[in-house]
1. Highest mean first, what order results for 128-138, 181-191, 26-36 on Cβ atoms within 10 Å?
2. R0 = 35 Å: FRET efficiency of Glu95 with Val44, Cβ-based, nearest 0.05?
Amino acid sequence: ITSRVGILGSVVALILLCLLFRQHKKQMLTIIVIVILGALAAVVLKNINESSFRSSDTLTSVKARALIYKVSVELIKDAPLLGYGLGKFQLVYLEKQAEVVASDSTIPLPNTQAQTHPHNELLFWWIEGGVIPVLSLLLFALWLSIRVWSHGTIDHKAAWLCCIPIMLHTQTEYPLYASVPHLALLGLLVAQATPECTKDYKTSLSLLPKVFYGVFVLVCVFMLTNLHTMRLMNQYATTPDAKYLG
C-alpha cells in the first residue's frame, strides 16, 4: 500500500476479479470486503506523513529511477550472457554510475542508499546472473499462464490474477529476494494457481493451508508494527533531540 504501482496493480486485479466472478455472489462479496479494507488502509496510510517511508534523500523521482535503469542497461551490455555474479550488483553499479555521471555533467549524483537493487526484477537477474535466469523466469511465467487459462478452474484463474500487483511491484521497486513477504505470498499464489496442485492441498497436504494462514497472520502483524515504528520514527525526527538527523 506504499507503492503507487502496487496500488495500480491492485485496482487492475480487482476489476478483473469482478469480471471473473460476476456470476458468483459469494466471491463478489469477498472482493467488495477486500476493496473496503484496502481503501481503509490507504486512508490510514495517508494520515501518516509520507516522509516516514521516503525521506528526501531516497529514491522518489522518476528521473532517479530512470538513471538506475540507464546504468543497469549499460551493465547488461557489458556482460549480457553470464552477468557479474550473485551479490555483485551494488559494487559494479556504483562504479558504472560514477562513470556515467562523469561523462555527462548534467546528471546529478544521487544518494546511494536506494541503489542496492535496480528496482526491477528482470534487470537485477540479468545483471547478476546473465540472460539464462531472465529467460527461465519469462518461460515459467508463460507456461504457468497458458496452463492456468487453458486447464484451470475459476479459482486457479483468480489466484493468477492476484499475482498481478506483486509482479508489477517487482518491476519498479524491490526484487523478491529483498522482500520476503512478497516472495512468500507470490509462492503461495503460484501454487494455488497451478491446476495440478489443488488436489494435493486438500488431501495429503491438507495441513499446509493452516500453516500458511498462520504465516499470513504473522506477516500482517509485522506490517502493522512496521507502520507503527515508522510513525514513531517520524515523530522523533521532528523533535529538538533529532536536530542532527536533518
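1. On the way: 128-138: 15.5, 181-191: 17.1, 26-36: 13.0.
Packing order, densest peptide first, comes out as 181-191, 128-138, 26-36.
2. Values: r = 42 Å, r/R0 = 1.19.
That pair, Glu95 with Val44, gives E of 0.25.
Values in this text are rule-based calculations from the coordinates and carry no lab data. Owing to the predicted nature of the structure, the values given are computational and were not obtained by experimental measurement. Positions of Cβ are generated from backbone atoms using ideal geometry, with glycine treated the same way; all protein chains shown enter the neighbour counts.
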